[in-house]
Structures are given as structure tokens and as C-alpha cells.
Amino acid sequence: MDDLPDLDDIDEDNTWDDFEDEPMNLESPCLFCSRIFPSAEQVLQHCNVVHSFDILAVQKKYDLDCISYIKMINFIRLQKPEPVKFQENYPIGQLPWTADEFMKPVLDNDLMLVYDIESMTIECMTTESNTYGSVNDDINIDKMDSSSSLLQRLKHAEHRAARAEEALVQALQDLNLARSTTKNLFETKDVQLNVENGEEDQSYFDSYAHFGIHQEMLQDKVRTESYRDFIYDNQHIFKGKVVLDVGCGTGILSMFAAKAGAKQVIGIDQSEIIYNAMDIVRENGLENVVMLIKGKMEEVKLPVKQVDIIISEWMGYFLLFESMLDSVLFARDKYLHPDGTVYPDLCTLRLVAIDDQRNHDSKVDFWNNVYGFKMTCMKSCVLEESSVEYVKKDTVISTPCMVNCVDICSIHVKDLDFTSSFKLEIQRDSNCTGIVGYFDVIFEKHCKKTVMFSCSPTSEKTHWKQTVFILPKPIPLKKGDVLNGTIECAKNPKDKRALIIKLTIDEEAFNYIVQ
């Protein structure tokens, strides 16, 4: 937009010089048939008498100005609509010729395009109608005074040129205004994004306000008992220490830490569930040790400068969904003592191949025949989203391959987007219908007793289940084959808590969203 001319730079005397040498077309074809006429007026008169196309009625109905008239003429030349139905088919507000593409002339030197529709009067049309009202398609129009017609066309061309120049000046003013508006838009972009992100975050936290989701997590024995066993079996880590529980929910981890001998436990949660957690802490007589604060980790102010331990159950589907780890890393960088530790301290992300033809049929092939109708276009909707489900262990057909190892004590947020290659060794003759992602969680650093759990399809079930990336078509494989590929994982720019996954297998790419 910086290349736009300023209004003062327009040479009004020479603006239209380029048109002086352009030859004038002295004939114009009808809008709806092959007849040729020497003037636009006669074209319109012929259209009115022969084709029932009344330009006066059309102009009134569609409120045509010079620009919309030009677009309409080019539309008629290009689309060749039936003249009788022309005035009936297009409701106001849904005109098919509004696109800028119809500003391009269909015919060179089309006399109809220089006809001054805006200066046309009812009296003029009435006069012309009286003069030619009795004519029909067989009238010899060659008897018209061609010199008079030429002068009229030149007059119209001059008038239209003046109006076009005015339109150009107005367009430049509008562009300058647009440039100013765009600048203001970019200046306020960050503020708008912050507002939108705030609304998205609040919606996320609100989803954790209901007791049901916490009941599901607490009833996940693999998850909850692993945290409990790690804390109770390694009390030497917690005794006399200050502990920060990020995303404390109902406060179960905070109370485990308090029972293990922590001097002080601070629980942070933005969800409304924290008010229930406060009651739970008081109900168990731990209010002198456990302090709960409502707010975002990135915004609250802790009552201490440093903490010795950070505990958190931050894992989402496919490990990184929800991006809660970002808040844990923020807390680590701002509050953790140099000798402190984050738990769990290690997580691994793995892939396996599966052969689950029944699942593939129900989700993909289903659309081939839906009550006798093809709906194959719906397949793309199914295939672009991953599914979270329990994968049957007998559908697993490969050895697992680790594609990421997250050391929570040292990793940075920018490193959470990753690309990794994988090799899946096939264990039996089969058809690969999808790739499954799952993660392992490890409590290891400074531990006398290491504790870990896995979300693998071959392990005990957890509420995280597994993340399935269904392939468009099954891949036939033999025992001993190796399925080679790469995986790219990144935050969704439109939803920071969702993930975009790209799997490339044998040079064919498949894109998915984890949301």
C-alpha cells in the first residue's frame, strides 16, 4: 500500500490521454441475440421490444449506478441468461454480478459499457419509445443518422470519463483510509489476541469446575496411586520442604505431600473447584499446612520467594494436549530453588501400529454407503481429527518406538514442538489401519523407590486412554517389515491448547488435530 499515489500526484489533464487514440467501435451486438446495432440506445430499445428487457425497470429494481451497470452488462455477455426471466431470478442483495471480475469487459470497445445509465431519464426513454415503439425485429435500422449517433456516444463517453475520474479519486481516498485503519488494527492486534486468549483460557478452566472430571481422575487408580506411592515411598524428598502444587484440583496431591511431612504446601488452581478443595483441606485438618490460592499460575503471587518441590498432574491426551506443562515450566523458572526438583521428572511419548479393521470400517468406510447414499466427502472430517479411545491390546501389531523424551527439570516451552523419526517393527502379517500414541510417566530423581506408569494399550487402563491417528487406507504388511516415518507435533496456532500432528509414512503425509 505504500506504492499508492497520493491524491496530489494525479495529473488531471493527462489522466485520460491514453484513450484518445483508441478506435471507437461503431456497432454493438444485442445483449441476448446476434443482432448488431450502431448505438447503445438502439440495443436497449431492441431488448425492450423484442426481448422484454426494460432497462428502466432493471435500473430501478436493482438501483444500478455506473459500476453495477457495467458489471451487469459483462455478466449478461458472459453468462447469457434468459432475458424474460432476468428481472425475476435475482433477489435484491443476492445479485450474481457484484464480483470485481465482472468489471473486465467481455467485448472490446463495447458501446454498452459507455452508456450513461445514471443520467438516463424516464422522459428520454419515453421519447425513444414513441419514436421506435412500433418497430419490430425487421426494421431497417441502417437508416439511422450515424453522425448524430456518434455525437451522442462521444457525449456519453466524455461524461462517463469525468465520472470515472471522480471514482478514481474517491477510490484513492478510500485506500488511504484503509491504510490508516490497517495500521490501527495492527497496533491493537496484541490487545485483541490477549482478550481472545483470556476467553479461551477461562473456558478451559471452567471445564474443570465440575466434580465429574475430578471424580474420573481420582478413580483412575493407576494415575492417583502412582502419585501417592511416589510421595509416600519417598518421604525423605518432602520432609520439611516447601511444595508447590500446580493445578491442584481437589487438592489430593497437596494432601499427600502434607501427610509425607512437607513444611508448607501451596496449591494453585484457576478453576472454581478450588473452593471445594478448600473445604476438603479443612475437613481433613490440613489447613495449617496446605494453602490454596485461586488464580492462574502465571498471574498469582506466592507467599514465598522459592519452593523446593513442584508437583503437578499436567499430562493431557497425547501427553502435550492442553499445554498445562507450560504453566509448570513457568513456575519452575520463577519459583523453584536451584537444587529443587519437579515431579514427575520424566515423560516419554511413544507410537505403535495397530490393525483394527472393525474400527476403521465404523469410522471411515461407513461413509461409502449410508442407507444407500454415498457420503465419502465426510471421510476427510473423520480423518483430520485424532480420536481418544481405549485400544485393544490384541490390535497392536508393532514394537513401540519412543518419539520424544521430556525432562521436565530442564526442557523449555519452545522445545515442546518437536519432529522425530520412527521405525515400527511389524510383529505379524497384518494391515496397519492406524498409528497410536501414548505416554509413560516416571518419578525417578532423588527417589529411593522409582515409580512409573504407562498409558500403553498393553498396560492397565488410565483415563488418558490412547490417541489414535486413523489412516485413510490400511497398509498391508508382513511380519518383519519396518514401517518408517516421521512425526511433527506443534501447538495449533488457532487454539494454543490443541495440537497439530503431521505423520509422514513412506513419503505420504497425513495431518491431524488433537483437540
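The values are calculated or read from the model by the stated rules, or taken from the named source; none is laboratory data. Fair warning: this is a prediction, and the values are worked out from it, not measured in the lab. Don't worry about glycine lacking a Cβ; one is built from the backbone with ideal geometry, like all the others, and counts go over all protein chains shown.
Mind listing whichever residues of the range 342-375 are under 27 Å from Thr419 (Cα atoms) and not in a loop (DSSP other than H, G, I, E, B)?
Val342, Tyr343, Leu346, Cys347, Thr348, Leu349, Arg350, Leu351, Val352, Ala353, Ile354, His360
Looking at this structure, is Asp506 closer than 18 Å to Ile426 by Cβ and without any contact (Cβ under 8 Å) to a residue 40 or more places away in the chain?
Answer is yes for this residue.
Conditions: (1) modelled with pLDDT of 90 or more; (2) crowded, with 17+ Cβ neighbours inside 10 Å; (3) within 24 Å of the chain's Cα centre (by Cα). Ala509 meets all but one. Number of the miss?
Looking at each condition in turn, Ala509 falls short on (2).
Limited to the range 221-252, what total is found for residues that are within 13 Å of Gln264 (Cα to Cα) and buried (at least 16 other Cβ atoms within 10 Å of the Cβ)?
So the count comes out to 6.
Hey, could you check the range 297-308 for residues that are touching a helix residue (DSSP H, G or I) at 6+ places or on another chain (Cβ under 8 Å) and either among the aliphatic types (A, V, I, L, M) or modelled with pLDDT of 95 or more (or both) and say which is surrounded by the fewest Cβ atoms within 10 Å (Cβ to Cβ)?
If we take residues in the range 297-308 being touching a helix residue (DSSP H, G or I) at 6+ places or on another chain (Cβ under 8 Å) and either among the aliphatic types (A, V, I, L, M) or modelled with pLDDT of 95 or more (or both), then Lys305 is surrounded by the fewest Cβ atoms within 10 Å (Cβ to Cβ).
Provide a single number: the residues in the range 322-370 that are out of contact with any Phe, Trp or Tyr (no Cβ under 8 Å at 6 or more places or on another chain), among the basic types (Lys, Arg) and at pLDDT 90 or above.
Here the count works out to 3.
Quick one: is Ser386 within 30 Å of Gln427 (Cβ to Cβ), out of contact with any strand residue (DSSP E or B) (no Cβ under 9 Å at 6 or more places or on another chain) and hydroxyl-bearing (Ser, Thr, Tyr)?
Taking the combined requirement at face value, the residue does not satisfy it.
Would you point out the residue of the range 29-39, among those that are at pLDDT 85 or above and out of contact with any Pro (no Cβ under 7 Å at 6 or more places or on another chain), that is surrounded by the fewest Cβ atoms within 10 Å (Cβ to Cβ)?
Cys33
Show me the strands (runs of 3 or more DSSP E) found entirely inside the range 411-503 where at least 1 residues are assigned by TED's automatic domain parsing to the domain that holds Asp356 and farther than 30 Å from Thr341 by Cβ.
In the range 411-503, the matching strands (runs of 3 or more DSSP E) lie at 418-425, 430-443, 466-477, 482-492.
Would it be correct to say that Ser421 is within 30 Å of Glu507 (Cβ to Cβ), touching a residue at least 12 places away in the same chain (Cβ under 8 Å) and surrounded by 16 or more Cβ atoms within 10 Å (Cβ to Cβ)?
So Ser421 does not fit the description; no.
Exactly one of (1) assigned to a strand (DSSP E or B); (2) assigned by TED's automatic domain parsing to the domain that holds Ile231; (3) surrounded by 13 or more Cβ atoms within 10 Å (Cβ to Cβ) is unmet by Pro338. Its number?
So the condition that Pro338 fails would be (3).
Name the residue, out of Lys259, Lys294, that is within 36 Å of the chain's Cα centre (by Cα) and either surrounded by fewer than 17 Cβ atoms within 10 Å (Cβ to Cβ) or assigned by TED's automatic domain parsing to the domain that holds Asp339 (or both).
Lys294
Considering Val413, Val468, Val436, which residue is within 24 Å of Lys502 (Cα to Cα) and in contact with a Gly (Cβ under 6 Å, 6 or more places away or on another chain)?
Val468
In the range 47-97, which residue that is among the aliphatic types (A, V, I, L, M) and in a loop (DSSP other than H, G, I, E, B) is nearest to Arg35 (Cα to Cα)?
Leu64
State which residue is surrounded by the fewest Cβ atoms within 10 Å (Cβ to Cβ) when the search covers only the range 341-376 and only residues that are of a type outside the set (A, V, I, L, M) and under 11 Å from Ile310 (Cα atoms).
Asp345
Being under 44 Å from the mean Cα position of the chain (by Cα) and in contact (Cβ under 8 Å) with a residue 40 or more places away in the chain is the filter here, so list the residues in the range 43-81 that pass it.
Gln59, Leu64, Asp65, Cys66, Ile67, Tyr69, Ile70, Ile73, Ile76, Arg77, Lys80
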